[in-house]
Amino acid sequence: DGQLMYGMSKVLCEEFGTCHQSEYDLVRMFNLGSKMIENSQCGRLLQLAHKVEDGLLMRLIQGNLHDAIVLQTSPDEGAPVVGYASTLSVIPLVSDVDSGIGDQLNDLMQPKELSMIDQDVAVQAFGLYRTVIGEMDGIDCAHVGSVPSYGELCPEDSGTYPLAGGRYVATSDISSRAKIALDIRDMRNAKSASKDIYLNGKYSTIDEENDGSKRSLSGMSQRAAMTMGMESTYNLFKYAFLALSDGGGKFDGEPEGEFADSIVNDLYEVGRDSLAIDAAMVMNLWMYVVHNLHDSVKQCQSQSDELALRALDKAAAYWIGDDQDEGIPNGHLLYAMTERIAGKFGQQGNGEAPANAKIIDMMNSMKDDYFLAGECGNDATAFQYLRVIVDKIIAQMTVPLIQKLIDSMQDVNEYAVELYGVSLIGLVAGCSDSVYNGLLDNFVPLKYTDASKFDEILGMLQSTYDCLGVSCRDIGAYMTDVVPECTDISRSVPLAGYVPSTDVHPHAKIDLDIYQIGILMEMGAYEAAKEYFMYGRNSVYEDDESGKDLYRTLDWFASDDRSQTPEYQTFVDYFDGDANYGKTQIMKALNNQGLTKNAPNKSQSDYVVTLLQSMVMYMHSLHEMYRSLSACEDGDDDAGGLWDMAAAYVIGSMEGSQAGGNSDGQLMYG
């Protein structure tokens, strides 16, 4: 029923494929502003006000283009005057940038008889906005979105931009972003100017034609709540830093969502400038690469290959940067750092470091096999395959962080140990609460002062490799034999003492989905939690039809045919014939409806986690058990595997292999 701009935005975002852009969620921005006022952060509030202003302008442009589409496709007698009203709402801002384009837009949308309306009025309107939108302050053509058949608002880029000697070739203009590498170079070479470059930027220009404003490494963290506030990885890190916060939403005097900036500033304050520069890369820049990878999936979900490719190109630019050759540690960003630390693990000298090789290979696969091939536009499910690839890239991005942590522990450098420890805790916190707290107790604040606990700490870290998506071979052996390469867990690893006869470990990892959904909901990241529920995150299988990896999903567990299970019909009858009763209750909570509407985040989280554990997984484990019974009676060889699956769905992976399990369990056994 809404009549104002928020109501407009909810309708228009569906048409333009921008509903996923949480950084321009108006309600979220107003909530964020309220917190800034409470904390007297007026400078940040001004930045947010500009962001709100940009978001509103995007809605005005979308509204005007929507009306042009109506004029072209299905006009009624009132359509011309409505279209002109929306034109008048935005044309002063268009004319302020280019009066000629403003005049053309005015002429195009002037009210006229229906028979006199240009047959391609919408196509013309898109063309006019495409010409001018790049010059409008604060507006990104990618964020306004597009409507198939009428044209993209982003003008086509000319030429390509090779990174790492052509190892990855961007097809969009990412030159200014790749120049962030030169900021890092000068920060290292001119220590007296290091912090100023960190705070204000130097080479990476945001708006070269107008005010010449610079992109800064500090801004990547300071704007994180706005740009990635609803994304999964960022919220896992925010959750991890809660234990280090003051309870009032602050971490080291700054908003807890700006944890990366706080760490960099702390290191500058204690005179650890070189480590502060490292922190700017492994905290600020690393998370920004992740943000752009997540954005590429979102743009694919909106079926825009062009915008998905732009986001991927940005991620590659921030990972590799300028002044970087292939397979040589001569650059300045995360690619070079990965090459450099790989040398201490016997992985550098025969081409690229393995982590870099895998990251760039997967980026090239996304670019060539999906975006340039038009897969997102042709296949509405393409983004689901990309989610798995992006998560594999993020996993390889953790390899140099783990290697740097091991190296720092061997050097007994307590400042570096703390830095590389906290660079991982967000991911570790999503794997095991006990390991997360154990590592935190040994790293913060500056607790690692001798190597007596090295083996114990390394063992805790290695126990999370499988959850993090890395292998012992990915990490390698430190200095040949100083720290030998570890051994990966067996595929037939016991589940809390139960020894399966088949490989059901991937099935057992569905408990990680439940655990992480709980964390995301507690942090208020409901869209990310819904994404994990609907599309999965940890339990991988090979899709029979495509031969590609996909995730098992709790959504499917909650809606699959379970009629073979005797108890199932009892539940369906109780819930008034709702065959998907569990999913219905969960989706209500994820959409802030039903029983827990407007309840605190922790209450909503506990409610959904309990439903997943005791309603969804209960029935699905019974379903697999009765399938096993039926197979056994039929003499089917699958009976044993189905029984193992039932056990996996009762016990889960987080219980560990020892008899009796541990305190981390998330399923019925725990």
Distance between the C-alpha centers of the range 506-542 and the range 329-364? Whole Å please. 30
Rounded to the nearest 10 Å², what accessible area does D323 have for a 1.4 Å probe in the complete protein model? 80
Expected field for K404, accessible surface area in Å² at 1.4 Å probe radius, rounded to 10, holds 40
Under the 0.36 nm per residue contour assumption, what length would be gained going from the current alpha-carbon distance of N350 and E633 to full extension? 96.3 nm
Quick check on the range 552-608: what are the equivalent-ellipsoid semi-axes from the Cα gyration tensor, as sqrt(5λ), descending, whole Å? 24, 13, 8
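Loop-only GluC sites (Glu not before Pro) in the range 474-560, please: DSSP not H, G, I, E or B, and at most 14 other Cβ atoms within 10 Å. Intermediate values should be presented prior to the final figure.
Working: sites: E485, E522, E527, E531, E542, E545; in loops: E485, E545.
Here the sparse-neighbourhood loop sites are E545.
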Spatial separation of Cα centroids for the range 588-648 and the range 182-205, in angstrom: 52
Compute for the range 273-337: radius of gyration divided by Kirkwood radius, i.e. Rg/Rh, restricted to C-alpha atoms, rounded to two decimals. 1.07
K250: which aspartates and glutamates have alpha carbons under 16 Å from its alpha carbon, excluding same-chain residues fewer than 8 sequence positions away? E38, E258, D261, D266
Mind listing the phi-derived Karplus ³J(HN,Hα) values for the range 407-424, rounded to whole Hz, using 6.51, -1.76 and 1.60 with θ = phi - 60°, and x for any glycine or proline? 4, 5, 5, 5, 7, 6, 9, 5, 5, 5, 4, 5, 4, 6, x, 6, 5, 10
Give me the lysines in straight-line cross-link reach of K344: C-alpha distance below 26 Å, same-chain residues under 8 apart excluded. K358, K392, K404, K447, K453
Determine, from the Cβ-Cβ distance of E15 and D196 and an R0 of 45 Å, the FRET efficiency 1/(1 + (r/R0)^6), rounded to the nearest 0.05. 0.50
So for the pair S34, S501, with labels modelled 7 Å out along Cα→Cβ, what separation do we get in nm? 5.8
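If you wrap the range 158-284's Cα atoms in a convex hull and average its projection over all directions, what's the area in nm²?
Details: hull surface 38.7 nm².
One quarter of the hull surface, i.e. the mean projection, equals 9.7 nm².
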Taking amide H atoms as placed 1.01 Å from N in the peptide plane, list the residues 5 or more away in sequence, or in a different chain, whose amide H sits under 5 Å from that of T464. none
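For the range 506-565, build the convex hull from the C-alpha positions and give me its volume per residue in Å³.
Details: hull volume 6.0 nm³, N = 60.
Given the Cα convex hull of the range 506-565, per-residue volume reads 100 Å³.
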By accessible area with a 1.4 Å probe, ligands and nucleic acids excluded, highest first: order of S34, S408, S365: S34, S365, S408
For a quick check: with amide H placed at 1.01 Å from N, whose amide H comes under 5 Å from D120's, ignoring anything fewer than 5 positions away on the same chain? none
Which GluC sites (Glu not before Pro) from the range 207-293 combine a DSSP loop assignment with at most 15 other Cβ atoms within 10 Å? E208, E209
10 Å-binned pair-distance histogram of the range 254-364 (Cα, whole percent): 14, 36, 33, 15, 1
Euclidean distance between Cα centres, the range 375-397 to the range 442-500, Å: 28
Under the Karplus relation with 6.51, -1.76 and 1.60 and θ = phi - 60°, whole-Hz ³J(HN,Hα) for the range 164-179, x at Gly and Pro, equal 6, x, x, 4, 10, 10, 6, 9, 10, 7, 10, 4, 5, 6, 5, 6
Using a 1.4 angstrom probe on the protein heavy atoms only, line up V650, V390 by accessible area, largest first. V650, V390
Say each of D455 and D173 gets a label point 7 Å from the Cα, pointing the same way as Cα to Cβ; how far apart are those two points in nm? 5.9
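Starting from the residue with the highest accessible area, list D576, D325 in decreasing order, probe 1.4 Å. Let's see the in-between values first.
Details: D576 145, D325 75 Å².
Of D576, D325, the descending order of accessible area is D576, D325.
Test of understanding: what is the full-extension gain from M116 to M479, defined as 0.36 nm times their sequence separation minus their Cα-Cα distance? Mind showing how you got there, number by number?
Numbers: separation 363, 0.36 × 363 = 130.68 nm, distance 7.75 nm.
Computed gain between M116 and M479 is 122.9 nm.
One quarter of the convex hull surface, Cα atoms only: what value does that give for the chain in nm²?
Working: hull surface 128.2 nm².
Hull-based average projected area comes out at 32.0 nm².
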Which ³J(HN,Hα) values, rounded to whole Hz and listed in residue order, are derived for the range 450-459 from phi using the Karplus coefficients 6.51, -1.76 and 1.60 in 6.51 cos²θ - 1.76 cosθ + 1.60 with θ = phi - 60°, glycine and proline given as x? 8, 8, 5, 9, 4, 4, 5, 5, 4, x
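With a sphere of radius 13 Å drawn around the Cβ of V444, what net charge do the other residues whose Cβ falls strictly inside it have (Lys, Arg +1; Asp, Glu -1)? Don't skip to the end; give the middle numbers.
Details: positive: K447; negative: D252, D266, E414, E418, D441.
Spelling it out: positives minus negatives among the neighbours equals -4.
What net charge is computed for the residues neighbouring M479, neighbours being all others with C-beta under 15 Å from the C-beta of M479, Lys and Arg scored +1, Asp and Glu -1? Walk me through the numbers before you get to the answer.
Details: positive: R340, K344, K404; negative: D407, D411, D481, E485.
With Lys, Arg at +1 and Asp, Glu at -1, the neighbours total -1.
Using every Cα-Cα pair within the range 543-670, state what percent have a distance larger than 26 Å.
On the way: 2586 of 8128 pairs.
Counting pairs separated by more than 26 Å, the tail of P(r) holds 32 percent.
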Using a 1.4 Å probe on heavy atoms of the protein chains only, the accessible area for D196 in Å², nearest 10, reads 90
Amide H neighbours of Y168 under 5 Å, counting only residues 5+ apart in sequence or on other chains, H built in-plane at 1.01 Å? L163
For each cysteine in the chain, check whether another cysteine's C-beta sits under 4.7 Å from its C-beta; list those where none does. C42, C632
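Evaluate 2.2 N^0.38 Å with N set to the residue count of the range 199-270, then give the Cα radius of gyration divided by it. Intermediate values should be presented prior to the final figure.
On the way: Rg = 14.0 Å, N = 72, 2.2 N^0.38 = 11.2 Å.
The reported ratio for this selection is 1.25.
The values are calculated or read from the model by the stated rules, or taken from the named source; none is laboratory data. These numbers come from a predicted model, not from an experiment. When we count neighbours, we look across all protein chains shown, and the Cβ atoms used for this are built from the backbone with ideal geometry, even at glycine. Quick note on the areas: whole protein, heavy atoms, side chains included, nothing else; ligands and nucleic acids left out. Shrake-Rupley method; radii C 1.70, N 1.55, O 1.52, S 1.80 Å.
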